[in-house]
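K.L.:
Quick one: the structure is below, questions incoming.
The values are calculated or read from the model by the stated rules, or taken from the named source; none is laboratory data. Just so it is clear, the model here is predicted, and its values are computed rather than measured. All Cβ positions, even for glycine, are placed from backbone atoms using ideal geometry, and neighbour counts span all protein chains on display. Each accessible area value is taken on the protein alone, full model and side chains, heavy atoms only, with ligands, DNA and RNA left out. Shrake-Rupley method; radii C 1.70, N 1.55, O 1.52, S 1.80 Å.
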Amino acid sequence: MAQNFRHAEILQLARAEGRVLVEDLAARFGVSLQTARRDLASLCESGALARVYGGAMLPSGVANIGYEQRRQMGAAAKARIAAACARDIPDGASVFLNIGTTTEAVARALLGHKNLLVVTNNINVANILGPSGAAEIVVAGGSLRPSDGGLVGDATAEFIRQFKLDYAVIGASALDADGDLLDYDFREVRVTQAILASARLRFLVADAGKFARKAPVRICNVTALDMLITDAALPVPVARLCATGQTRVALV
């Protein structure tokens, strides 16, 4: 029975944070590391979680996790990442912000800025920044995806190509071991690629949960970025790629 209670709470933690670590679970429940590993093994065998180095996370595949659940996952880490990103963006800059709960956190972190120009395909970003007066907001046209307020498709990408902005701040659903940024919707990826091509500096904001996720559509490689802002050390192959490609890594 105690194990069943632990399993339920472990799943709640995974849904809240995006991942759980063996050492943290052992300390939280007052059990051995071996017992914590057995708990995770059982949950992974049932398909409720997927194993990653040092712990487990919510499984992923060809469909993304629901927006509300993603918004709550790792909220504290996303806020730290967003604050670090905002510190690198000066007043008076022009910025692309794409679809994603981490880029929405960046929008909140920019509320104290002045005289920004923000171009976005994310209705939520516009709603966060619009009333504040911190930025002039330009919302891309295109097909609205009701699930998360994203504007996607060829019309959106074409609209984005009209601009040449100082910064692109993007999120992604997954970061593969070969350094590829991945997402689920090819229509969204086309827009993100247009954003990257239309910016002078390119930032990825991604929490560590993205390191072990999978998604089917390729955006670009980390070597095409100027900076990657995250909350944990990168997998060794990705860190090497960043060093080779002169992609700055900021850990928060």
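K.L.:
Going Cα to Cα from Lys164, which lysines come in below 29 Å? Please leave out same-chain ones fewer than 8 positions away.
P.N.:
Those lysines meeting the cut-off are Lys78, Lys114, Lys210.
K.L.:
Most fluctuating residue of Gly133, Gly30, Gly74 in a GNM of the chain with Cα springs under 10 Å: which is it?
P.N.:
Judging by the Gaussian network model, the answer is Gly30.
K.L.:
Can I ask one more? Can you bin the chain into rounded, prolate or oblate? Criterion: square roots of the alpha carbon gyration tensor eigenvalues sorted a ≥ b ≥ c, rounded for a/c under 1.5, prolate for a/b above b/c, oblate for the rest. Show your work: numbers first, answer last.
P.N.:
Details: a/c = 1.91, a/b = 1.82, b/c = 1.05.
Prolate is the answer for the chain, as a/c is 1.5 or above and a/b outweighs b/c.
K.L.:
What number comes out for accessible area per residue over the chain if the probe is 1.4 Å? Units Å², please.
P.N.:
On the way: 11270 Å² over 252 residues.
It amounts to 45 Å² per residue over the chain.
K.L.:
Something else: For a quick check, take a GNM of the chain with Cα springs below 10 Å and name the residue from Val152, Val22, Val191 with the largest mean-square fluctuation.
P.N.:
Maximum among the listed residues: Val22.
K.L.:
Of the accessible area of the chain, with the probe set at 1.4 angstrom, what percent is carbon plus sulfur?
P.N.:
Of the solvent-accessible surface of the chain, carbon and sulfur hold 52 percent.
K.L.:
Now a separate question. Could you work out the relative contact order of the range 104-249? I mean the mean sequence separation of Cα pairs under 8 Å and 6+ apart, divided by the number of residues, in percent. Each step should come with its number before you reach the end.
P.N.:
Working: 293 pairs, mean separation 26.4, N = 146.
Contact order relative to length: 18 percent.
K.L.:
First check a/c for the range 121-236, with a ≥ b ≥ c the square roots of the eigenvalues of its C-alpha gyration tensor; if it is under 1.5, answer rounded, and if not, answer prolate when a/b is larger than b/c or oblate otherwise.
P.N.:
Details: a/c = 1.63, a/b = 1.48, b/c = 1.10.
Note, shape of the range 121-236 comes out prolate.
K.L.:
Students often get this wrong: which residues of the range 160-196 have the backbone nitrogen under 16 Å from the point 7 angstrom along Cα-to-C-beta of Ser143?
P.N.:
Taking a point 7 Å out along Cα→Cβ of Ser143, the residues of the range 160-196 whose backbone N falls under 16 Å are 184-192.
K.L.:
Nearest 500 deg cm²/dmol is fine: what mean residue ellipticity at 222 nm does the chain get from its DSSP H runs of n ≥ 4 alone, each adding -39,500 (n - 2.57), divided by its residue count? Show your work: numbers first, answer last.
P.N.:
Values: 10 runs with 100 residues, N = 252.
That calculation yields -11500 deg cm²/dmol at 222 nm.
K.L.:
Continuing with the same structure: With axes computed from alpha carbons, what is the tilt in degrees of helix 75-87 against the longest principal axis of the chain, rounded to the nearest 10 within 0 to 90?
P.N.:
30 degrees
K.L.:
So for the chain: antiparallel DSSP bridges make up what percent, rounded to the nearest 5? Working shown, then result.
P.N.:
Details: 16 of 40 bridges.
For the chain, the DSSP antiparallel bridge percentage is about 40.
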